[in-house]
Amino acid sequence: QKEVEQDPGPLSVPEGAIVSLNCTYSNSAFQYFMWYRQYSRKGPELLMYTYSSGNKEDGRFTAQVDKSSKYISLFIRDSQPSDSATYLCAMSPITQGGSEKLVFGKGTKLTVNP
Amino acid sequence: GAGVSQSPSNKVTEKGKDVELRCDPISGHTALYWYRQSLGQGLEFLIYFQGNSAPDKSGLPSDRFSAERTGGSVSTLTIQRTQQEDSAVYLCASSLALAGATLDEQFFGPGTRLTVL
């Protein structure tokens, strides 16, 4: 079993739909939970991150972490064609003033149709 | 400002040849990472450099892979005797790695798409 599992999709939705993207993980040491967005032929860019459990909202995006279930989600409200991209979850243990290599899910390819 | 840059953007090589991939991190970033992104495998960590510390090579898949970082800035990933399974997008990322920072955000370059024929 991989440390981080993510359904690769693809996922196709109409414009305006609510999108739900999810990852599960097995390593209890993970404390930082990130969502990266990657457009075609580009590098991933950080969209949102959450530390430990809880919710975080940023505009149309909401990230949720449930550590008891080892399950994280990203919700996109009022989805737009410009949201069409691959969404990757990533995780790392707590840092001590340094950096940690990230463990990524395989990514979910999302298409929002106008 | 300038982000992470990588060259070449695309590389086609023949099986058995050596290749060198280059990464220019964001100025002032002390941490540098290499990842590999391939179909079916997602994004996998390869190697990590932090300041003057010994690099973390735990993700390198075989001894055909090596990397160096000169002067704490530019990094080169070398793959010797390339195999078809080495075909992937090789991504470089850099971060500030400030002591006491909460999340040390990694900034990614656009990647080098390697095709081994």
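The values are calculated or read from the model by the stated rules, or taken from the named source; none is laboratory data. Treat the numbers as computed from the prediction; the structure is a model and nothing was measured. Cβ: placed from backbone, ideal geometry, glycine included. Neighbour counts: every protein chain shown.
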Can you find a residue in segment A:22-37 that is surrounded by 13 or more Cβ atoms within 10 Å (Cβ to Cβ), in contact with a Gly (Cβ under 9 Å, 6 or more places away or on another chain), more than 27 Å from B:Ser5 (Cβ to Cβ) and of a type in the set (Phe, Trp, Tyr)? yes
Across segment B:77-114, the tally of residues that are surrounded by 14 or more Cβ atoms within 10 Å (Cβ to Cβ), among the β-branched types (Val, Ile, Thr) and assigned to a strand (DSSP E or B) stands at 3
Residue selected from segment A:85-114 under the condition surrounded by fewer than 17 Cβ atoms within 10 Å (Cβ to Cβ) and part of a loop (DSSP other than H, G, I, E, B), by the criterion modelled with the lowest pLDDT: A:Gly97
Select, from B:Ser66, B:Ser58, the only residue that is assigned to a loop (DSSP other than H, G, I, E, B) and surrounded by fewer than 17 Cβ atoms within 10 Å (Cβ to Cβ). B:Ser58
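Here's the yes/no breakdown for (1) among the hydrophobic types (A, V, I, L, M, F, W, C); (2) modelled with pLDDT of 95 or more; (3) over 14 Å from A:Leu102 (Cα atoms):
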residue: A:Asn27; (1), (2), (3): no, no, no
residue: A:Trp35; (1), (2), (3): yes, yes, no
residue: A:Lys42; (1), (2), (3): no, no, yes
residue: A:Glu45; (1), (2), (3): no, yes, no
residue: A:Gly54; (1), (2), (3): no, no, yes
residue: A:Ser82; (1), (2), (3): no, yes, yes
Please state which one of B:Gly3, B:Gly42 is on the phi > 0 side of the Ramachandran plot and more than 13 Å from the chain's Cα centre (by Cα). B:Gly42
Residues of segment A:58-67 classified as more than 16 Å from A:Asn27 (Cα to Cα) and either surrounded by 13 or more Cβ atoms within 10 Å (Cβ to Cβ) or under 13 Å from the mean Cα position of the chain (by Cα) (or both), total: 5
Taking the condition surrounded by fewer than 19 Cβ atoms within 10 Å (Cβ to Cβ), free of Cβ contacts under 8 Å to residues at least 24 places away in the same chain and not in a loop (DSSP other than H, G, I, E, B), does B:Ser53 pass? no
B:Thr78, sole failed condition from (1) of a type in the set (Ser, Thr, Tyr); (2) closer than 29 Å to A:Trp35 by Cβ; (3) in contact (Cβ under 8 Å) with a residue 24 or more places away in the chain: (2)
Taking the conditions exactly as written (closer than 30 Å to B:Ser7 by Cα, among the aromatic types (Phe, Trp, Tyr), more than 11 Å from chain B (Cβ to nearest Cβ) and in contact with a Ser or Thr (Cβ under 7 Å, 6 or more places away or on another chain)), does A:Tyr71 satisfy them or not? no
So, in segment B:25-34, exactly how many residues are within 13 Å of the chain's Cα centre (by Cα) and in contact (Cβ under 8 Å) with a residue 60 or more places away in the chain? 4
Sort through B:Tyr48, B:Tyr35 and tell me the only one that's within 14 Å of another protein chain (Cβ to nearest Cβ) and modelled with pLDDT under 95. B:Tyr48
Which one of these is of a type in the set (Gly, Ala, Ser) and away from every other protein chain (no Cβ under 13 Å): A:Gly43, A:Gly107, A:Gly54, A:Gly9? A:Gly54
